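Undergrad: Handing you a structure now.
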Amino acid sequence: MYYKRFYLRLGVFIRYYITTPIYYVNDKPHIGHAYTTTMADIFARWHRLCGDEVFFLTGTDEHGEKIEKAALKEGITPKIFVDKVVLKFTDMWKELDISYDKFIRTTDIVHEETVKKFIKMLYEKGDIYKGNYEGWYCVPDETFITELQLVEGKCPVCGREVKKVSEETYFFRLSKYQKQLLEFYEKNQEFLMPKTRSAEIINRVKDGLNDISITRTTVKWGIPFPIDEKHTIYVWFDALINYLSALDWPDGDLKIFWPANVHVVGKEINWFHTVIWPALLFSAGIELPKMVFAHGWWTVEGKKMSKSLGNAIDPLDIKKRYGLDQMRYFFVREVPFGDDADFSEKALIARINGELVNDLGNLVFRTLTLAERFDGIIKGTPELDKHLDVEKIKTLMRNFDTFNAMDEIWSQIRASNKYINEKEVWKLKGEELSNALYNLLESIRVITILITPFMPKTAEKIRIQLGVDAQKIDKCKFSEYSGTVKKGGHLFEKINS
Ligand code: MSP
């Protein structure tokens with residue numbers, strides 16, 4: 001680890017810092033949370049595959065009114081409550097094979113201290129002042145809402161009831177940063193991603209910014225506001241700073257990962273990450289993250305997912321019934337990253353039976369059956385690598401286009417199946433058969449490298465059958481085949497619907 005830090009300082013490795021939102025621990029995670037975390041996991045794994053030094057952060061958002069209420073309902077203290085619920089997240093990420101490097105909790109002492117340090121900097125800068133907040137508040141979203149923003153008297157984001165709030169508060173001068181924000185967006189075209197969501201943010205900022213309330217007097221479950229301990233810090237202010245405190249900012253070794261390469265978030269919290277967070281960083285004089293990627297929302301069979309509708313999908317149930325890599329594949333393939341999507345088991349089954357069983361599963365099974373039967377040395381000349389464009393896949397992944405990156409990988413899988421059929425490989429003998437098997441095994445080896453970030457367990461299964469070790473992306477060229485094949489069972493089971 002130490003030598004790595006040394007090389008990191010020298011800039012030998014490319015550093016890649018990726019984060020998920022930190023999730024509220026009021027309830028167990030559902031498929032929406034699993035989606036964000038899995039997509040971030042895919043990018044983290046992809047960058048590791050490319051040889052980058054990755055720091056992948058996830059965690060939990062544990063303060064605020066919502067949690068305070070949930071604990072009260074169970075008749076336990078908020079601390080006991082969060083210590084219990086956080087396990088549902090850490091257990092879930094273990095089950096889903098999420099390769100995070102750090103799990104942050106906003107009740108960690110280090111985080112609390114960092115938040116206090118940060119807020120003092122803003123206070124000393126003159127960006128925090130005392131006043132009164134009069135308006136509305138959505139407890140489930142932990143969001144202040146103005147009269148104008150209400151939609152038929154309800155929260156404009158989640159449509160739920162809001163409550164009237166009137167309390168003394170400290171404000172942050174968000175309005176002061178309007179011009180600087182607009183200039184920043186203009187100069188850093190990669191910051192607001194995907195492009196389809198950037199206009200909405202820019203137009204709202206152009207319309208003008210109100211100063212925001214950053215402390216509460218009616219909520220006890222929060223970090224004490226260091227300037228006036230009658231107040232606790234507003235949960236969103238506390239939460240955003242996790243991206244820095246996780247790096248032991250300002251003094252720890254890990255701070256070399258700042259600025260983050262990307263904050264992956266759901267579209268409903270884009271505003272907090274692309275307007276409020278940058279303004280806080282401007283005020284503190286800290287460099288901004290390079291990108292915020294706001295993905296779309298999953299509905300379930302056409303309906304919004306919610307606890308009250310009772311239609312929230314449990315990722316563990318999907319894993320149990322269909323398999324983990326099957327779920328990961330579905331996340332990537334069902335929708336371009338950034339768009340809204342609908343989760344339906346029918347669609348999931350169609351993808352498993354079509355693309356996983358028929359395309360990838362069959363390719364591996366047929367090739368390995370023939371290769372195991374073949375009694376001779378497998379060697380030949382590359383011919384099945386003609387349309388494989390690894391550079392294109394790399395570019396697509398850099399652009400967060402997992403959907404088309406997977407499509408490119410799949411075209412190699414389809415081309416390989418076509419090769420078997422057109423050449424009628426099962427009829428070949430001697431050198432011709434050796435050459436065909438060489439091409440198919442090399443194609444599968446390269447495909448396996450490329451699918452590793454998306455379907456790590458499947459990649460591992462194929463590697464065992466091919467008799468090869470895990471390899472990095474630079475090995476995606478056909479070379480000599482040097483494994484010992486050992487056919488296993490089918491990679492995926494067909495689902496009867
Ligand atoms: N605690 C805040 C985030 C603070 S980040 C500094 C929060 N937490 S949350 O538990 O409500 O999680 C919200 C995130 O969960 C969304 O941004 C999104 O990433 C994910 N999703 C929750 N429901 C979702 C869907 N139905 N579909 C896709 N993702 C959604 O907000």
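Undergrad: Long-range amide H contacts for Phe293: which residues qualify at under 5 Å (H placed 1.01 Å from N, peptide plane, sequence gap of 5 or more or a different chain)?
TA: Under 5 Å from the amide H of Phe293 lie the amide H atoms of His263, Val264, Val265, each far enough along the sequence or on another chain.
Undergrad: ³J(HN,Hα) across the range 278-287 via Karplus (A = 6.51, B = -1.76, C = 1.60, θ = phi - 60°), whole Hz, x for Gly/Pro?
TA: x, 5, 4, 5, 4, 4, 7, x, 10, 4
Undergrad: Further question on the same structure: Tell me the net charge near Asn439. Cut-off is 10 Å between Cβ atoms, Asn439 excluded, with +1 for each Lys or Arg and -1 for each Asp or Glu.
TA: Net charge in that neighbourhood comes out at -2.
Undergrad: Please give the calculated 222 nm ellipticity per residue for the chain, where each DSSP H segment of at least 4 residues contributes -39500 (n - 2.57) and the sum is spread over every residue; nearest 500 deg cm²/dmol?
TA: Numbers: 18 runs with 210 residues, N = 497.
Dividing the helical sum by the residues of the chain leaves -13000 deg cm²/dmol.
Undergrad: Using alpha carbons only, how many angstrom separate the centre of the range 306-358 from the centre of the range 166-205?
TA: When both Cα centres are located, 34 Å separates them.
Undergrad: Here is a follow-up. Stretch Ser166-Lys457 to full length: gain in nm at 0.36 nm per residue minus the Cα-Cα span?
TA: Gain on stretching Ser166 to Lys457: 99.5 nm.
Undergrad: Next up: Sequence gap at least 6, Cα distance under 8 Å: using those rules, report the relative contact order of the chain to the nearest whole percent.
TA: Dividing the mean separation by the residue count of the chain yields 15 percent.
Undergrad: Which percent of Cα-Cα pairs in the range 2-296 sits in each 10 Å bin, short to long?
TA: Result, from short to long distances: 6, 27, 38, 24, 5, 0 percent.
Undergrad: Given the Cα-Cα distance of Glu134 and Leu428 and 0.36 nm per residue of separation, how much length would full extension add, in nm? Numbers along the way, then the final one.
TA: Numbers: separation 294, 0.36 × 294 = 105.84 nm, distance 8.02 nm.
Difference between extended and current length: 97.8 nm.
Undergrad: What FRET efficiency would be calculated for the residue pair Asp97, Val151, taking the C-beta separation as r and a Förster radius of 45 Å, to the nearest 0.05? Write down the numbers at each step before the final one.
TA: Working: r = 39 Å, r/R0 = 0.88.
FRET efficiency, Asp97 to Val151: 0.70.
Undergrad: What fraction of the DSSP beta bridges in the chain is antiparallel, stated in percent and rounded to the nearest 5?
TA: About 50 percent, rounded to the nearest 5.
Undergrad: Now for a separate question. Once phi is turned into θ = phi - 60°, what whole-Hz ³J(HN,Hα) does the Karplus curve with 6.51, -1.76 and 1.60 give for every residue of the range 379-394, x standing for Gly and Pro?
TA: So the J values, rounded to whole Hz, are 8, x, 10, x, 9, 8, 9, 4, 9, 6, 10, 5, 4, 5, 5, 4.
Undergrad: On the accessible surface of the range 416-467, probed at 1.4 Å, how many percent belong to carbon and sulfur atoms?
TA: Working: 1010 of 1970 Å².
Roughly 51 percent of what the probe reaches on the range 416-467 is carbon or sulfur.
Undergrad: With θ set to phi - 60°, apply the Karplus curve 6.51 cos²θ - 1.76 cosθ + 1.60 along the range 116-125 and write out the HN-Hα couplings as whole Hz, x wherever there is a Gly or Pro.
TA: Each residue's phi maps through the Karplus curve to give 5, 4, 4, 5, 5, 4, 5, 5, 5, 6 Hz.
Undergrad: Related question: Skipping prolines and chain starts, which residues have an amide H placed within reach, meaning under 5 Å, of the one on Asp61, given they are 5 or more residues away or on another chain?
TA: Excluding prolines and chain starts, which carry no amide H, the hits are Tyr23, Tyr24, Val25.
Undergrad: For Arg373, project a label point 7 Å along Cα to C-beta. Then give me every residue of the range 389-426 with its amide nitrogen under 12 Å of that point.
TA: So the set is 425-426.
The values are calculated or read from the model by the stated rules, or taken from the named source; none is laboratory data. This one's a predicted model, so the numbers in the text were calculated from it and none came from an experiment. Reconstructed Cβ throughout: ideal geometry from the backbone, glycine too, with neighbour counts over all protein chains shown. To get the accessible areas, we keep the full protein, side chains included, count just its heavy atoms, and leave off ligands, DNA and RNA. Shrake-Rupley method; radii C 1.70, N 1.55, O 1.52, S 1.80 Å.
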